[in-house]
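Chemist: Next up is a structure, given as structure tokens.
The values are calculated or read from the model by the stated rules, or taken from the named source; none is laboratory data. Here the structure is a predicted model, which means the values were calculated and not measured. Cβ atoms come from the backbone with ideal geometry, glycine included; neighbour counts cover every protein chain shown. When the accessible area is computed, the model is the full protein with side chains, heavy atoms only, and any ligands, DNA or RNA have been set aside. Shrake-Rupley method; radii C 1.70, N 1.55, O 1.52, S 1.80 Å.
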Amino acid sequence: MLAAVLPFGTLLNQPAPKEVVYKHAAQGDFKLFCFPPAGAKSGEAHPAALWIHGGGWTGGNCNSFFPMARYTAARGAASFVVEYRLVKPGVTTVADCIADCKSAVRYLRGHAVELGIDPHRIAVLGESAGGHLAACVGTLDGVNDPADDLAVSAQPDALVLYNPLTDFTQSNFLKLFTNGATADEQLKRAREVSPVFHVRAGQPPAICLHGLADTVVSPDDSRRFAAAMKQAGNRCELVLLPETPHAFLIPNYKCSEAVVVNALRRGDEFLTSLGWFAGEPTLTVSDPPSWKSKWPPTQKSK
């Protein structure tokens, strides 16, 4: 039986989750951090929630998204946080980040029975760079790891995007595509991994939540993406949050606990509207608010 009320503070500083290696790459083994659904019973098939952390494609850590995964697990989803390769000049690119996240979806779908997952109810959720990667997983046909079994679909069944970048060509992050390229080559590479240019009919339902005070990724990115999705006949909700800056989902970073809780509840309501969860969101603000001075913890990146 799911908890009636879940203060956000109870999701922090809990024991480390189980880990499973979903991919081997030249840079090492890459993991999924696993959070089993509340009240899970053998033989049941639960929705899955795959969380992707942000960090500008060059940093960030999985730990900061453990609370989010614990919440979706409490709501009944088999939940995971994915570790992926970060961009390093001359070694790895944004395309590698995308390929890893698609590999993770394939792993979940290919191991659905043992993980207790419904392979037709896999949501991908992410913030900032993680929101971009989630949107890419939902829209890009290409950008796959050649070692993957491409017979297993990497397309998720729902997207929850928090302040996502959807157009590299209009952003300050275009420099990620320099690496000896001409200006035209940079734009070409950037366009190839910009979700707004890859929207078509039949893509998964999505929700975009974006802060109107975001000066890192313009709210116009979410406006344009939502408009393109709707024009293609796809469901896409747009939630613009007044006076809210970038990276509003990370605990104890820029925003109050109330802002984080509201954002998670809005994503919950979207998944509930798809029939994945039951009842109202259970997440509440702690009394008193529970931010810890050393949260989020740091983690060495690969």
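Chemist: Magnitude of the Cβ-charge dipole of the chain, K/R +1 and D/E -1, about the Cα centre, nearest 20 debye? List each step's numbers first, then the result.
Modeler: On the way: 28 positive and 28 negative charges, 62 e Å.
Roughly 300 debye, rounded to the nearest 20.
Chemist: Putting +1 on Lys and Arg Cβ atoms and -1 on Asp and Glu Cβ atoms, find which of PHE66, HIS46, SER128 reaches farthest to the positive end of the dipole of the chain.
Modeler: Working it through, the farthest residue towards the positive pole turns out to be PHE66.
Chemist: Now for a different question. Which value, in debye to the nearest 20, describes the size of the charge dipole of the stretch 28-90 about its Cα centre when Lys and Arg Cβ atoms bear +1, Asp and Glu Cβ atoms bear -1, and nothing else is charged?
Modeler: On the way: 6 positive and 3 negative charges, 14 e Å.
Result for the stretch 28-90 is approximately 60 debye, rounded to the nearest 20.
Chemist: Report the antiparallel proportion of the DSSP beta bridges in the chain as a percent, rounded to a multiple of 5.
Modeler: On the way: 12 of 40 bridges.
Looking only at bridges with both residues in the chain, the antiparallel portion is about 30 percent.
Chemist: Calculate the spin-label point distance for ALA147 paired with VAL216, positioning each point 7 Å from the Cα along the beta-carbon direction, and give it in nanometres.
Modeler: Here the answer is 3.0 nm between the modelled labels.
Chemist: Given LYS23/LYS175; LYS18/LYS102; LYS23/LYS230; LYS88/LYS230; LYS23/LYS254, which pairs have Cα atoms separated by over 24 Å?
Modeler: Details: LYS23/LYS175 28 Å; LYS18/LYS102 21 Å; LYS23/LYS230 34 Å; LYS88/LYS230 35 Å; LYS23/LYS254 33 Å.
Beyond 24 Å between Cα atoms: LYS23/LYS175; LYS23/LYS230; LYS88/LYS230; LYS23/LYS254.
Chemist: Here's another thing I want to ask about it. Per residue of the stretch 44-50, in order, report the coupling 6.51 cos²θ - 1.76 cosθ + 1.60 (Karplus, θ = phi - 60°) as ³J(HN,Hα) in whole Hz, putting x for Gly and Pro.
Modeler: 3J(HN,Hα) across the stretch 44-50, in whole Hz: 7, 10, 9, x, 10, 10, 9.
Chemist: Just the accessible area for PHE277, please: 1.4 Å probe, Å², rounded to the nearest 10?
Modeler: 20
Chemist: Keeping all protein chains in place, calculate the accessible area per residue for the chain (probe 1.4 angstrom), answer in Å². Spell out each step's value before the answer.
Modeler: Values: 12690 Å² over 302 residues.
Per-residue value: 42 Å².
Chemist: Could you list which residues have their amide H under 5 Å from that of SER79, counting only those 5 or more apart in sequence or on another chain, with H placed in the peptide plane?
Modeler: Amide H neighbours of SER79: PHE35, ALA49.
Chemist: What's the ranking of 157-165, 210-218 by average number of surrounding C-beta atoms within 10 Å, highest first?
Modeler: Descending mean neighbour count gives 157-165, 210-218.
Chemist: Now for a different question. Rounded to the nearest 20 Debye, what is the dipole magnitude of the stretch 160-246 about its Cα centre when Lys and Arg each give +1 and Asp and Glu each give -1 at the C-beta? Please list the in-between numbers first.
Modeler: Working: 9 positive and 9 negative charges, 59 e Å.
The dipole magnitude comes to about 280 debye.
Chemist: Still on this structure, please answer the following. Take the alpha carbon atoms of the stretch 176-191, find their center, do the same for the stretch 125-169, and report the distance between the two centers in whole angstrom.
Modeler: For the stretch 176-191 versus the stretch 125-169, the Cα centre distance is 20 Å.
Chemist: For the stretch 30-84, what is the percent of antiparallel DSSP beta bridges, rounded to the nearest 5? Mind dumping the intermediate values first?
Modeler: Values: 4 of 9 bridges.
Given both bridge residues lie in the stretch 30-84, the antiparallel proportion sits at roughly 45 percent.
Chemist: Continuing with the same structure: In the chain, what percent of the accessible surface is made up of carbon and sulfur (1.4 Å probe, ligands and nucleic acids excluded)? Intermediate results must be reported in sequence, preceding the final value.
Modeler: Details: 6760 of 12690 Å².
So the carbon and sulfur contribution to the accessible surface is 53 percent.
Chemist: Run down the aspartates and glutamates and flag those whose C-alpha is under 16 Å from the C-alpha of LYS41, throwing out any fewer than 8 positions away in its chain.
Modeler: Correct list for LYS41: GLU114, ASP118.
Chemist: ³J(HN,Hα) across the stretch 179-195 via Karplus (A = 6.51, B = -1.76, C = 1.60, θ = phi - 60°), whole Hz, x for Gly/Pro?
Modeler: Per-residue couplings from phi come out as 6, x, 8, 6, 4, 5, 5, 4, 5, 4, 5, 5, 5, 4, 10, 9, x Hz.
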